[in-house]
Amino acid sequence: MVGDFVLADDPELEPEEDVNPLEDDFEDQLREQSEQFQAPKNKCDFLGTDKQGRHVFGIYASRFPEKSQLEGFVRQIIKEIEPFVENDYILVYFHQGLKEDNKPSAQFLWNSYKELDRNFRKNLKTLYVVHPTWFIRVIWNFFSPFISDKFRKKLVYISSLDELRQALGLNKLKLPDNICDFDDKLNPSRKSAAAAPASHLTNSINASRQQQHKMAPTMQFGVPLKHIVVNSPCLNSIPPIVRKCVDSLSITGVIDTEGIFRRSGNHAEIMALKERVNRGEDVDLKSVNVHVIAGLLKSFLRDLSEPLLTFELYEDVTKFLEWPKEERSRNVTQLIREKLPEENYELFKYIVEFLVRVMDCEDLNKMTSSNLAIVFGPNFLWSRSTSTSLEEIAPINAFVDFVLQNHKDIYLIDVNQHAL
């Protein structure tokens, strides 16, 4: 192989003058809407957590710089997501916007793959490629013989944003306009559906409200926390399934499991348990895998109709890193004690106290306050209207990390005094 495809370290091998087919200008349809696109500060975006609680990151071909700057660009991406890759994670690559002057060579891609840390490759669970062209397929087929079967099976081609939403279990995705516009052109039926008459939208909203009124009193997943407190036997506002999960995970030999909360549990088992709980069945977690129980707890938080830290606190929490360090303790304490509803306050305190016990076993389970904050930050708080950006997730995680490290000062007053 020659040109962009030279993989052997042979100094005597000279590239031929033949034109490399991968350098042909064959991707006009992907480039149309990116000519005027200005790349934002972030090289990649945090798109949220998928249906299994794994962090999802988006990388866009439309943000690639010219070839001479690609190496630094890739290093910046690695730097941005490096704090998260000790946990299972998902990558979504949006191919729209690839241009002749920013198209990476096969040699560059291969070198970049080889330089990835083990955690990047091992903990990547799925690589979604959105709007793929034959360029992607050629490149992938070329690399396949050199890549392990495990990694090769992680690649999934996605043809539409609707398909991506379904795969991730995310109804809302905050994506650049050029990606959405291109998807509308490729999938015009989706755009037509989105432009349904206002009366249909009103009917849908009314149906949704009626459905909320029909929530079974036994439900604990996918309902407001207030609904659970009113309808279930909650001691100190702690939902029964949360208490069961925490009790099961607090046992010696379980709480010190390496990678607890970091590894994904079996999705089918988690879904089956959620359905049983919502039907009002008394589930026994004694024989359930530790990562399934941990996933069940994360799923409870993620499925709440409003985040545990509430939409009201979102703007304040995302400014955490802007606060002077000497004011952080006072501000955090004030937010938690004075702005959280009573049931949210008590449940947040209960989970924090449990996570502190998890931290106490970090020599065995490798879960520091920072690791736990990365896992639980997006499950404690998210935006009401859009996906949480990578810029916003950093202060949220830092806020949770601060609470874990300073919980004794924050919760100096007994929880039951909060309602006085």
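The values are calculated or read from the model by the stated rules, or taken from the named source; none is laboratory data. Note that this is a predicted model, so its numbers are computed, not measured. Cβ atoms come from the backbone with ideal geometry, glycine included; neighbour counts cover every protein chain shown. Accessible surface areas use protein heavy atoms only, side chains included; no ligands, DNA or RNA. Shrake-Rupley method; radii C 1.70, N 1.55, O 1.52, S 1.80 Å.
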_Go through segment 350-371 and report how many residues are under 21 Å from P239 (Cα atoms) and of a type in the set (A, V, I, L, M, F, W, C)._
6
*Looking only at residues in segment 106-141 that are without any contact (Cβ under 8 Å) to a residue 60 or more places away in the chain and touching a His at 6+ places or on another chain (Cβ under 9 Å), which one is surrounded by the most Cβ atoms within 10 Å (Cβ to Cβ)?*
V130
*Assuming L309 fulfils every condition listed in (1) assigned to a helix (DSSP H, G or I); (2) within 24 Å of the chain's Cα centre (by Cα) apart from one, which condition is it?*
(1)
*asked:* So, E269, is that one in the same structural domain as I374 (by the TED database), outside any loop (DSSP other than H, G, I, E, B) and without any contact (Cβ under 8 Å) to a residue 12 or more places away in the chain or not?
replied: no
_I'd like to know if segment 274-283 contains one or more residues that are touching a helix residue (DSSP H, G or I) at 6+ places or on another chain (Cβ under 8 Å) and either crowded, with 20+ Cβ neighbours inside 10 Å or not in a loop (DSSP other than H, G, I, E, B) (or both)._
yes
*Regarding S299, is this residue of a type in the set (S, T, Y) and open to solvent by 50 Å² or more (accessible area, probe 1.4 Å)?*
no
*Out of segment 142-157, which residues are touching a residue at least 60 places away in the same chain (Cβ under 8 Å) and surrounded by 14 or more Cβ atoms within 10 Å (Cβ to Cβ)?*
F142
